[in-house]
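Worksheet for the structure shown next.
The values are calculated or read from the model by the stated rules, or taken from the named source; none is laboratory data. Quantities reported herein were computed from a predicted structural model and do not represent experimental measurements. Glycine also receives a Cβ, built like all others from the backbone with ideal geometry; neighbour counts cover every protein chain displayed.
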Amino acid sequence: MLWALLVLPADTQDRVGGIALVEALRQAVKRIKVLWGDLHFDTALGHARFRRGWLGVVVKKLAGQVGFVVQKNAGSWSGRSAG
């Protein structure tokens, strides 16, 4: 599910553009508690915590990880098993 999308110029860094994305997300969804982002969004996650009270979690690569790794679904938002 996509809640907010923000397309920015290539010369806008994630740390700056992420703050605008947090504000766009706030307009779209009122009941967020946790946001996940990579290290480049640390400023936006801090902004979300300070301005909105949301918990921002920086997601890091696993040791030795190259590229993307798909994580097994641990459950749905309702807490019930997805599989």
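Tally the residues that are small (Gly, Ala, Ser), within 13 Å of the chain's Cα centre (by Cα) and not in a loop (DSSP other than H, G, I, E, B), restricting the search to the range 1-35.
Going through the range 1-35, the residues small (Gly, Ala, Ser) turn out to be 4, 10, 17-18, 20, 24, 28.
Those still in the list that are within 13 Å of the chain's Cα centre (by Cα) too: 4, 17-18, 20, 24.
The next check asks that each one be not in a loop (DSSP other than H, G, I, E, B); those that pass are 17-18, 20, 24.
Looking only at that region, the number is 4.
Quick check, is Val70 modelled with pLDDT under 80, of a type in the set (Val, Ile, Thr), assigned to a loop (DSSP other than H, G, I, E, B) and loosely packed, with under 15 Cβ neighbours inside 10 Å?
yes
Please go through the range 1-16 and give me each residue that is more than 16 Å from Thr43 (Cα to Cα) and surrounded by 13 or more Cβ atoms within 10 Å (Cβ to Cβ), ordered by number. Walk me through it before giving the result.
If we filter the range 1-16 for residues that are more than 16 Å from Thr43 (Cα to Cα), which is where we start, we get 1-11.
Listed by number, the residues that qualify are Ala4, Leu6, Leu8.
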